[in-house]
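Chemist: Take this structure first; my questions come after.
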Amino acid sequence: MVTANALATTLCLTGAEYGLRLVESTPGAEALRVAPGRVLQRTAGFASLERPISLQKATPTDWPPGYQLTVTLPLTRGRSKERPYVAVWVEDSSGELVRMLAFWGNKSKYYANLSNAWALLGRNANRIRSVSRATRPPGKYELVWDGLDEQHKPVPLGTYRIVVETNQEHGTYAKQSGTINLGESPTSITLPPTTNFDAVLVEFGPKQNRP
């Protein structure tokens, strides 16, 4: 440690040629020096210590290339001035959670008011807190599913249920769901409106550049 500190100090106080040559003459020592202009200067053996940069590849899915599922959720004012708590998720034909697309709630003591989402997430406030985001005002929101499950593993094409659950303090509880068959061609379904949101459009198909 003393030798390393001494060499580092020397590299800072002397020119690159002398400093790097000194490091190379020290057994077991290598160095990387950042010169003015962010120019990188290495000793001859430093390259052997560097790890190659690995590019993270996108996780492949079984869906057609470029396809995604988009849920367009138009929140309304409901019957109260309070913003509703909202959960939107995908489940399989057996009712098991595949992917939670949104959980909007500010206070954990109210998470259980979204009773179905609360049960699917194991009634675990810490787990929900990790995926929850702030509530939203009235407006139209788009949620996208990329074909990966909760463990970020690809899921196959097939039939899935899309569920929207809301609860508004001093307002009403509302929930709608519908099944959509994901195949090789674009498809869509519409969930009926409720007090807390207008009709929800669920679309499966190629990604679109929306305005």
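The values are calculated or read from the model by the stated rules, or taken from the named source; none is laboratory data. Fair warning: this is a prediction, and the values are worked out from it, not measured in the lab. As a convention, Cβ positions derive from the backbone with ideal geometry for all residues, glycine included, and neighbour counts pool all protein chains shown. SASA here: full protein model, heavy atoms, side chains in, ligands and nucleic acids out. Shrake-Rupley method; radii C 1.70, N 1.55, O 1.52, S 1.80 Å.
Chemist: Report, in listed order, any pair from 107/207; 107/153; 153/175; 109/175; 107/175; 175/207 with a Cα-Cα distance greater than 23 Å.
Modeler: Values: 107/207 34 Å; 107/153 30 Å; 153/175 27 Å; 109/175 20 Å; 107/175 20 Å; 175/207 27 Å.
Table pairs above 23 Å Cα-Cα are 107/207; 107/153; 153/175; 175/207.
Chemist: Note the full-extension length gain between residue 199 and residue 26 as 0.36 nm times their separation in residues minus their Cα-Cα distance, in nm to one decimal. Intermediate values should be presented prior to the final figure.
Modeler: Numbers: separation 173, 0.36 × 173 = 62.28 nm, distance 7.24 nm.
Here the segment from residue 199 to residue 26 would lengthen by 55.0 nm.
Chemist: Moving to a separate point now. Translational D (Stokes-Einstein, µm²/s) of segment 61-211 at 25 °C and 0.890 mPa s when Rh comes from the Kirkwood sum over C-alpha pairs? If you can, show how the numbers build up before the last one.
Modeler: On the way: Rh = 15.7 Å.
The Stokes-Einstein estimate is 156 µm²/s.
Chemist: Kindly sort 152, 170 by accessible area of their heavy atoms, largest first, with the probe set to 1.4 Å.
Modeler: On the way: 152 110, 170 145 Å².
In descending accessible area the options line up as 170, 152.
Chemist: Could you order 140, 81, 175, 107 so the one with the most accessible surface comes first? Probe is 1.4 Å. Intermediate results must be reported in sequence, preceding the final value.
Modeler: On the way: 140 150, 81 190, 175 80, 107 115 Å².
My answer, sorted largest first, is 81, 140, 107, 175.
Chemist: I'd like the accessible area for residue 92, computed on protein heavy atoms only with a 1.4 Å probe and all protein chains in place. Round to 10 Å², please.
Modeler: Accessible area of residue 92: about 50 Å².
Chemist: Moving to a separate point now. Extending each Cα 7 Å along its Cβ direction at residue 172 and residue 107, get the distance between those two points in nm, one decimal.
Modeler: Once both label points are built, they end up 2.3 nm from each other.
Chemist: A follow-up question, please. Apply 1/(1 + (r/R0)^6) to the Cβ-Cβ distance of residue 129 and residue 161, taking R0 = 25 Å, and write down the FRET efficiency to the nearest 0.05.
Modeler: 0.50
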